[in-house]
Amino acid sequence: MKVLIISPKNKTLFNFRGDLIREIISKGHEVVTIGPNQDYINDVLELGVRFIEVPFSKDNLSILGDINYYNELKKVLKAEEPDLIFSYTIKPVVYGSLAAQRVGVKEVYPMVTGLGRVYASKSFKAKVLRLITGLLYKQAFKGSKKVIFQNNDDLRMLTSLRYLPKEKAVRVNGSGVNMERFTPNDLPDKPVFLMIARIIKEKGVFEFAEAARMVKAEHPEARFILLGGYDNSIGAIKPIELEPYISDGSIEFPGETKDVVPYLKKTKVFVLPTYYREGLPRTILEAMAMARPIVTTDWPGCRDAVIDGYNGLLVQPQDSKGLAEKMKFMVENPITVKQMSENSLKLCKEKYDVDIVNRHMVEIMGLEQ
């Protein structure tokens, strides 16, 4: 079969979908990928795929831009005649599915990797966008064989809103994590907290920085590392806004890196205080694979992977003080932290190993042979 994968970012093709693509190819299928530009093109091609560029901006609200994206996808699908389409994130899902319906592709499997800020915000603009998005999702899902979700909250919400019937919805345990790459090592003696995220407000960057400042006032030996790149999307934080927390030593900010493993090895606790509508954050799974306890929000996606008190602690979104209290608990209770770290690894082996997740994905799409 010819499998066509529609992606919002080239980096996600090898970073989040690389193992799945290799699994599909190993079953004897051809894989063609679509991405928005030439970024990381060599990394993408190393997967053994063909690549087609179809430009678009994931944060662009231009109707004309979306129409152009849909029309270009339709042209590619007509030319390629794929047997099966797999897409993820809103615009590839919506416009890829609509284009597939138009050209007659029957095997369409969109993946909802979180609902994003549109479904998290309570603003009037977000409500209007939710209405439009809902209509688009409903139409897109009509031609889908199955719709794949990464957490229970998103599945329940979209089926309860009748975007799709329950029998079409199926859940997988996130994108999975490669446990041969992310392997456990001993926890450091000193309290080192690591957050990995795009530098946008909804990821909880300011909450992390504020909480770090509070904890350091009582535990100056604690370190708080923020790893990630500045962004130009909605909600982006400017360097000048983060600078006060860096200059006073509350947080350390190495910037963005292609390899997070060395940082996770030096980490005692992984933190993600997000209030963005996540699918199931891969950063949490990577930390779990390396036997790190997690402090994260009681929020869609995050709470799927973290059992409060077992492999980490849950905190309410946008609560810097509550986050500081949870992190202080981790500093002051090293025996509990060690037990939570072991539980993280155990849970990851049972549910989130990429081989387990990919077997499920291949089964859902009927690509076993």
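Any idea which residue in region 199-208 is surrounded by the fewest Cβ atoms within 10 Å (Cβ to Cβ), counting only those that are farther than 16 Å from Glu325 by Cβ and of a type in the set (A, V, I, L, M, F, W, C)?
Quick first cut of region 199-208, residues farther than 16 Å from Glu325 by Cβ only: 199-203, 205-206.
Now restrict to residues that are of a type in the set (A, V, I, L, M, F, W, C): 199-200, 205-206.
Numbers: Ile199: 22, Ile200: 20, Val205: 24, Phe206: 16.
The residue in question is Phe206.
Can you confirm whether Ala222 is touching a helix residue (DSSP H, G or I) at 6+ places or on another chain (Cβ under 8 Å) and open to solvent by less than 10 Å² (accessible area, probe 1.4 Å)?
On the way: touching a helix residue (DSSP H, G or I) at 6+ places or on another chain (Cβ under 8 Å): yes; open to solvent by less than 10 Å² (accessible area, probe 1.4 Å): yes.
Against the criterion (touching a helix residue (DSSP H, G or I) at 6+ places or on another chain (Cβ under 8 Å) and open to solvent by less than 10 Å² (accessible area, probe 1.4 Å)), Ala222 qualifies.
If you check Val205, Val261, Val192, Val271, which single one turns out to be closer than 25 Å to Glu342 by Cβ, among the β-branched types (Val, Ile, Thr) and touching a Leu at 6+ places or on another chain (Cβ under 8 Å)?
Working: Val205 fails: closer than 25 Å to Glu342 by Cβ; Val261 fails: touching a Leu at 6+ places or on another chain (Cβ under 8 Å); Val192 fails: touching a Leu at 6+ places or on another chain (Cβ under 8 Å).
After ruling out the rest, the residue left standing is Val271.
For region 263-295, which positions are in contact with a helix residue (DSSP H, G or I) (Cβ under 7 Å, 6 or more places away or on another chain), more than 21 Å from Ala211 (Cα to Cα) and surrounded by fewer than 24 Cβ atoms within 10 Å (Cβ to Cβ)?
Arg277, Glu286, Ala291
Enumerate the helices (runs of 4 or more DSSP H) found wholly within region 204-285, keeping only those where 2 or more residues are farther than 25 Å from Lys11 by Cα and free of Cβ contacts under 8 Å to residues at least 12 places away in the same chain.
On the way: elements: 205-218, 239-247, 261-265.
Filter on region 204-285 gives 239-247.
Restricting to region 160-178, name every residue that is free of Cβ contacts under 8 Å to residues at least 24 places away in the same chain, of a type in the set (Gly, Ala, Ser) and out of contact with any strand residue (DSSP E or B) (no Cβ under 7 Å at 6 or more places or on another chain). If you could, list the steps in order and put the result at the bottom.
Within region 160-178, the first condition is being free of Cβ contacts under 8 Å to residues at least 24 places away in the same chain, and the residues that meet it are 160, 165-167, 169, 171.
If we keep only those that are of a type in the set (Gly, Ala, Ser) as well, we get 160, 169.
Result: Ser160, single match.
Just for region 90-129: of the residues that are of a type in the set (A, V, I, L, M) and not in a helix (DSSP H, G or I), which one is most open to solvent (accessible area, probe 1.4 Å)?
To start, the set of residues in region 90-129 that are of a type in the set (A, V, I, L, M) comprises 90, 93-94, 98-100, 103, 105, 108, 111-112, 115, 118, 120, 126, 128-129.
Within this subset, residues satisfying the condition of being not in a helix (DSSP H, G or I) are 105, 108, 111-112, 115, 120.
Numbers: Val105: 17, Val108: 2, Met111: 2, Val112: 4, Leu115: 15, Ala120: 33 Å².
Once the filter is applied, the top-ranked residue is Ala120.
Looking only at region 299-333, count every residue that is touching a strand residue (DSSP E or B) at 6+ places or on another chain (Cβ under 8 Å) and open to solvent by less than 50 Å² (accessible area, probe 1.4 Å) and tell me the total.
Total meeting the criteria: 13.
Here is a list: Asn37, Asn42. Which entry is open to solvent by 40 Å² or more (accessible area, probe 1.4 Å), free of Cβ contacts under 8 Å to residues at least 24 places away in the same chain and closer than 26 Å to Thr283 by Cβ? Steps first, please.
On the way: Asn37 fails: free of Cβ contacts under 8 Å to residues at least 24 places away in the same chain.
Only one candidate qualifies: Asn42.
Which helices (runs of 4 or more DSSP H) sit wholly inside region 296-364 and have at least 2 residues that are of a type in the set (A, V, I, L, M, F, W, C), at pLDDT 95 or above and over 16 Å from Phe208 (Cβ atoms)? Quick ask: steps written out before the conclusion?
Numbers: elements: 302-305, 320-332, 334-347, 354-364.
Here the list reads 334-347, 354-364.
Taking Ile251 as meeting all but one of (1) in contact with a strand residue (DSSP E or B) (Cβ under 8 Å, 6 or more places away or on another chain); (2) under 18 Å from Met330 (Cβ atoms); (3) surrounded by fewer than 16 Cβ atoms within 10 Å (Cβ to Cβ); (4) not hydroxyl-bearing (Ser, Thr, Tyr), write down the number of the exception.
(3)
Could you please give the count of residues in region 256-274 that are farther than 14 Å from Pro188 by Cβ and modelled with pLDDT of 95 or more? Outline the logic, then answer.
Pass one, region 256-274, residues farther than 14 Å from Pro188 by Cβ: 256-261, 271-274.
Pick out the ones that are also modelled with pLDDT of 95 or more and you get 260-261, 271-274.
Total meeting the criteria: 6.
Every residue in region 2-26 that is assigned to a loop (DSSP other than H, G, I, E, B) and in contact with a Lys or Arg (Cβ under 9 Å, 6 or more places away or on another chain), please. Give the steps one after another, and end with the answer.
Kept after step one, since they are assigned to a loop (DSSP other than H, G, I, E, B), are these residues of region 2-26: 7-9, 16-17.
Listed by number, the residues that qualify are Ser7, Pro8, Lys9, Phe16.
Consider Lys146 against the criteria (1) modelled with pLDDT under 95; (2) more than 22 Å from Ser250 (Cα to Cα): it satisfies all of them except one. Which criterion is unmet?
(1)
Can you pull out every residue in region 130-147 that is surrounded by fewer than 18 Cβ atoms within 10 Å (Cβ to Cβ) and assigned to a helix (DSSP H, G or I)? Walk me through it before giving the result.
We begin by selecting, within region 130-147, every residue surrounded by fewer than 18 Cβ atoms within 10 Å (Cβ to Cβ); these are 130-132, 134-135, 138-139, 142, 145.
Once the filter is applied, which keeps residues that are surrounded by fewer than 18 Cβ atoms within 10 Å (Cβ to Cβ) and assigned to a helix (DSSP H, G or I), region 130-147 yields Arg130, Leu131, Ile132, Gly134, Leu135, Lys138, Gln139, Lys142.
Gly65 fails exactly one of the following numbered conditions: (1) buried (at least 21 other Cβ atoms within 10 Å of the Cβ); (2) part of a helix (DSSP H, G or I). What is the number of that condition?
In the conditions (1) buried (at least 21 other Cβ atoms within 10 Å of the Cβ); (2) part of a helix (DSSP H, G or I), Gly65 misses (1) alone.
Filter region 337-355 for residues that are under 18 Å from the mean Cα position of the chain (by Cα) and not hydroxyl-bearing (Ser, Thr, Tyr) and give the result. Don't jump to the end; show me each part of the working.
Taking region 337-355 as the starting set, the residues that turn out to be under 18 Å from the mean Cα position of the chain (by Cα) are 348, 351-355.
Once the filter is applied, which keeps residues that are under 18 Å from the mean Cα position of the chain (by Cα) and not hydroxyl-bearing (Ser, Thr, Tyr), region 337-355 yields Cys348, Lys351, Asp353, Val354, Asp355.
The values are calculated or read from the model by the stated rules, or taken from the named source; none is laboratory data. Note that this is a predicted model, so its numbers are computed, not measured. A quick note on method: Cβ atoms are made from the backbone with ideal geometry, for glycine too, and the neighbour counts reach across all protein chains shown. The protein model used for the area step is the full one, side chains on, heavy atoms only, and it has no ligands, DNA or RNA in it. Shrake-Rupley method; radii C 1.70, N 1.55, O 1.52, S 1.80 Å.
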